[in-house]
1. With 32 Å as the limit, write out which pairs from K26/K162; K26/K134; K25/K115; K6/K181; K25/K134; K6/K144 have Cα-Cα distances beyond it, or answer none.
2. When only alpha-carbon atoms are used, what values of Rg and Dmax, in angstrom, describe the stretch 11-108?
3. Using 7 Å Cα-to-Cβ label points, what is the D23/R11 separation (nm, one decimal)?
4. What whole-number value in Å² describes the accessible area per residue of the stretch 1-119 for a 1.4 Å probe?
5. Please report the projected area of the chain's Cα convex hull averaged over all directions, in nm².
6. Based on Cα positions only, what radius of gyration and what Dmax would you give for the stretch 113-171, in angstroms?
7. Add -39500 (n - 2.57) for each DSSP H run of 4 or more in the chain, then divide by its residues: what number comes out at 222 nm, to the nearest 500 deg cm²/dmol?
8. Between the helical axis of 130-145 and the dominant principal axis of the chain, each derived from Cα atoms, what acute angle in degrees is found, rounded to the nearest 10?
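The values are calculated or read from the model by the stated rules, or taken from the named source; none is laboratory data. It should be emphasised that the depicted structure is a prediction, and the values quoted were computed from it without experimental measurement. Heads up, the Cβs are rebuilt from the backbone with ideal geometry, glycines too, and the neighbour counts pull from every protein chain shown. Ligands, DNA and RNA are stripped out before the accessible areas are found, and what is left, the full protein with its side chains, is counted by its heavy atoms. Shrake-Rupley method; radii C 1.70, N 1.55, O 1.52, S 1.80 Å.
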Amino acid sequence: LGSYSKILCSRDTKKYIPVDEDDVKKLQVQHGHNLVMSKARLEAWREIGGRLSEVPEEAVLEKLGRLYLSDAPETLRLLCALAQYEVPIHNTFVEGVLPPKEIELLLEQHLVFRKMISGYGLCYILLLHPEEAKQIFRAGIYRKFGSVDAHLLEAEIVAALKTYLRTCPANYSFVYLRLRKNGEDTIERLLLDDAELQRSTTSQFEASSLN
């Protein structure tokens, strides 16, 4: 951060406040673990100026959307909805629902790779940390609706997971396991209460218990 700050400040001393004069603890939280968000925040700061720690979240999400959601926005957003919970995306969904050209593009960009998983078969894995996938999903919602309201995010996650579960993938019950692991009780309940999914949910859970 220090090197990048020096470069920008040397270009325009009035536009940028050096990071050593900023809130160090806040910067450590913002840039300590999530490289995707850190890169987006720095890019937004380059355009906006001021204090790096005070770059608005909307500006960061907009930049994140430009960086990752320009070529296959809806496809990557759906994949991120699952990847944020570390759910491998089954082949039946990817090749049966998503646009083939967009999947090939994501493969070429090394954002996705194929993997055979015991018990599930061929799956697609997103090459992103779960927190990075979560933020890219949020960026997709912001691009689509101009908001990242908590209720809107929840509704869009539920919608994305329903789209996936309707294809009855081999890792159907694993989705619920990961939701429970992440403390997503409300989302899990909304899926379990969905009339369209209830029949397949029962059959999938029965199949899992037999295995």
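1. On the way: K26/K162 37 Å; K26/K134 20 Å; K25/K115 40 Å; K6/K181 42 Å; K25/K134 23 Å; K6/K144 35 Å.
In this structure, K26/K162; K25/K115; K6/K181; K6/K144 exceed 32 Å between Cα atoms.
2. 17.3, 54
3. The answer from the label model is 2.5 nm.
4. Numbers: 6550 Å² over 119 residues.
Here the per-residue accessible area is 55 Å².
5. Details: hull surface 52.3 nm².
Projected over every direction and averaged, the Cα hull of the chain covers 13.1 nm².
6. Both quantities, over Cα of the stretch 113-171: 13.8, 40 Å.
7. Values: 12 runs with 137 residues, N = 211.
Only helices count here, giving -20000 deg cm²/dmol.
8. Its long axis makes an angle of about 80 degrees.
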